[in-house]
Amino acid sequence: MIAFVYILVFNILFGYSEESSYNKSCVDVVESPILMLNFYLMGKTEIDQEVILAIGDNVAYLNEEFEGKVKFELNKLFLEEKHRYLPDIYKSFKNKTRTHVKELVGDIEESGAINVYLLETYIEGSQNKALMGFTPILTGMHRTYFFNSPRFDRMFIAYPGLQGKSTLVHEMGHFLGLSHPWEMNSIDKKLLGLNNESVLNENHMTYNFSVDSFTPQQLERMQDFARKFRNYLLKSL
């Protein structure tokens, strides 16, 4: 496994700048929670410049969509020759066998950051869409995330999911406590500003083709969630 420290390699070689990380808000972000991201390029033994640049674009877009309420910084990039397909990892997780997951992360995983595993995917059976990502979460046991770290500090995303840039944003919503709108009752939807079809159609937590926003209420909830339940991952200022 080869690790590249972001500040020394990614920023210098590919010109990513924190100044371009978001532009939707002039909010003072000094007090905003900051989460670090590790990316694991699974099945890779050589640097793929397109993937590296796509990661930078995705993190920049992530910061744009969170509007300074939560900030994200690249910490490390890893090349790892071990390989699994994303749907197989998902099935292992859903079946509670976790065999594929354990074999995948093994001794390569680092704690103290959100670990994003990039994997290949495939289309199953008669489906016309491939799985692009999923995030293991603890339902109703948010205060135990600390005790389950780093087992629930992971995201699994398909390489093609980097192309549209919305997959990472959607999965980060789950990581910070948001559900799909259709999983919520009418009261919760109202509290989160999901009041009409227009808002719902454009919301990052839907599966619509074109999504481009969180509601202000969703952003506030994710900021609060980061401070209360993911605080063990926050970067010290």
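Worth pointing out:
- Every test in (1) under 17 Å from residue 168 (Cβ atoms); (2) in a loop (DSSP other than H, G, I, E, B); (3) in contact (Cβ under 8 Å) with a residue 40 or more places away in the chain; (4) among the β-branched types (Val, Ile, Thr) is passed by residue 137 save one, and that test is (3).
- The set of residues in segment 106-127 being outside any strand (DSSP E or B) and among the polar types (S, T, N, Q) consists of 111, 121, 126, 127.
- On the stretch given as segment 180-215, residues that are touching a helix residue (DSSP H, G or I) at 6+ places or on another chain (Cβ under 8 Å) and either over 17 Å from residue 63 (Cβ atoms) or of a type in the set (D, E, K, R) (or both) total 15.
- The listed residues are 165, 190, and the only one of them that is farther than 21 Å from residue 88 by Cβ and either of a type in the set (A, V, I, L, M) or touching a residue at least 24 places away in the same chain (Cβ under 8 Å) (or both) turns out to be 165.
- Only one of 74, 62 that is on the phi < 0 side of the Ramachandran plot, touching a strand residue (DSSP E or B) at 6+ places or on another chain (Cβ under 8 Å), at pLDDT 95 or above and in a helix (DSSP H, G or I): 62
- The residues of segment 184-213 that are exposed (fewer than 15 other Cβ atoms within 10 Å of the Cβ) and β-branched (Val, Ile, Thr) amount to a single one, 187.
- Meets criteria (surrounded by 15 or more Cβ atoms within 10 Å (Cβ to Cβ) and either free of Cβ contacts under 8 Å to residues at least 24 places away in the same chain or of a type in the set (S, T, N, Q) (or both)) for residue 144: no
- Qualifying position, being surrounded by fewer than 20 Cβ atoms within 10 Å (Cβ to Cβ), hydrophobic (A, V, I, L, M, F, W, C) and more than 18 Å from the chain's Cα centre (by Cα), among 47, 34: 47
- Subset of segment 163-190 [of a type outside the set (Ser, Thr, Tyr), more than 11 Å from the chain's Cα centre (by Cα) and not in a loop (DSSP other than H, G, I, E, B)]: 163, 164, 181, 182, 183, 187, 188, 189, 190
- Boolean, residue 55 is modelled with pLDDT of 50 or more, under 20 Å from residue 160 (Cα atoms), out of contact with any Asp or Glu (no Cβ under 6 Å at 6 or more places or on another chain) and in a helix (DSSP H, G or I): yes
- Flag for residue 107 being over 27 Å from residue 57 (Cα atoms) and of a type in the set (D, E, K, R): yes
- Listed by first and then second residue, the pairs with beta-carbon distance under 7 Å, at least 6 apart or on different chains, first residue in segment 59-81 and closer than 21 Å to residue 46 by Cβ, second assigned to a loop (DSSP other than H, G, I, E, B) and of a type in the set (S, T, N, Q), are 79/45; 81/45.
- So residue 65, is it acidic (Asp, Glu) and surrounded by 20 or more Cβ atoms within 10 Å (Cβ to Cβ): yes
- Being β-branched (Val, Ile, Thr), closer than 20 Å to residue 230 by Cβ and at pLDDT below 90 is a description that does not apply to residue 9.
- Qualifying residue in segment 225-233 (condition: under 18 Å from residue 36 (Cα atoms), of a type in the set (Ser, Thr, Tyr) and touching a helix residue (DSSP H, G or I) at 6+ places or on another chain (Cβ under 9 Å)): yes
- Test: residue 219 is assigned to a loop (DSSP other than H, G, I, E, B) and closer than 26 Å to residue 75 by Cα: no
The values are calculated or read from the model by the stated rules, or taken from the named source; none is laboratory data. The model shown is predicted, which means the values in this text are computed figures rather than measured ones. Cβ coordinates were reconstructed from backbone atoms using ideal geometry, including for glycine residues, and neighbour counts include every protein chain displayed.
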